[in-house]
Amino acid sequence: MIFRALRKDPDKRVANEVYFMVAEASRREPFFVDAGAPDNVEGRFEVLSIHMFLVLRRLKQDGDRARRFSQYLFDAFFNSMDDALRELGVGDMSIGKRIRNMAEAFYGRTGAYDEALEKGDAELLSAAIARNIYGVEDIPAGANEIARYMMKTDQVLKETGIDDIFKGAFAFPPIQMDPTTDAASAK
């Protein structure tokens, strides 16, 4: 049945492929080793969320097809979260509540990230990352690195044509730590 639905709208199929690109980009080692993001379920959700946010932010710039594609991408994201929770052994009775909490967390974070990027304020973005990813008020070096990455990725995606987004023909830039920052201070 799901395959029939994917055949009916090619954008739905591509949105699922784009979701897998987003998920793969969020698993890159530098986020966890170099920038010191927690390598646990919550930390991985946070890093995945920043990537989803950035792609969804880019899609907001375009019309109806982009809105539909955004919804397909969002659905793929939360279907994946549902599957992951089930694999972790979360019971059926609490899945809905956990997904709802994750969606609320996602929207809260994206509001803070969006405000910072709209203002071009790296410090405000770093502070939001420190709270959300690291769970601290003081800004660790890794939060600054992730903020720089997010700003660079936002710019790359803005420069990416919408048709390339619809085809999944784009790439996330590398995350590069400042050579003057060591991994110990990023944590």
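Listed values, structure above:
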item	result
So Glu104, is it under 25 Å from Arg65 (Cα atoms), under 15 Å from the mean Cα position of the chain (by Cα) and free of Cβ contacts under 8 Å to residues at least 24 places away in the same chain	yes
Residues within the range 86-113 that are of a type in the set (Lys, Arg), modelled with pLDDT of 70 or more and farther than 17 Å from Ile133 by Cβ, tallied	3
Identity of the residue in the range 32-64, in contact with a Gly (Cβ under 8 Å, 6 or more places away or on another chain) and buried (at least 23 other Cβ atoms within 10 Å of the Cβ), that ends up nearest to Ile146 (Cα to Cα)	Ala35
Residue list for the range 109-134, filter: in a helix (DSSP H, G or I) and either exposed (fewer than 13 other Cβ atoms within 10 Å of the Cβ) or of a type in the set (D, E, K, R) (or both)	Arg109, Gly111, Asp114, Glu115, Glu118, Lys119, Glu123, Arg131
The lone exception for Pro140 - which of (1) more than 17 Å from Ser26 (Cβ to Cβ); (2) surrounded by fewer than 19 Cβ atoms within 10 Å (Cβ to Cβ) it fails	(2)
Cβ-Cβ under 7 Å pairs, at least 6 apart or on other chains, the range 131-147 side among the aromatic types (Phe, Trp, Tyr), far side in a loop (DSSP other than H, G, I, E, B)	Tyr134/Pro140
Unmet criterion (only one of (1) in contact with a Leu (Cβ under 7 Å, 6 or more places away or on another chain); (2) within 16 Å of Thr110 (Cα to Cα)) for Ala23	(2)
Residues being among the polar types (S, T, N, Q) and more than 16 Å from Phe170 (Cβ to Cβ) - total across the range 36-76	3
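The values are calculated or read from the model by the stated rules, or taken from the named source; none is laboratory data. In this text the structure is predicted, and so the values were computed from the model without any measurement. Cβ: placed from backbone, ideal geometry, glycine included. Neighbour counts: every protein chain shown.
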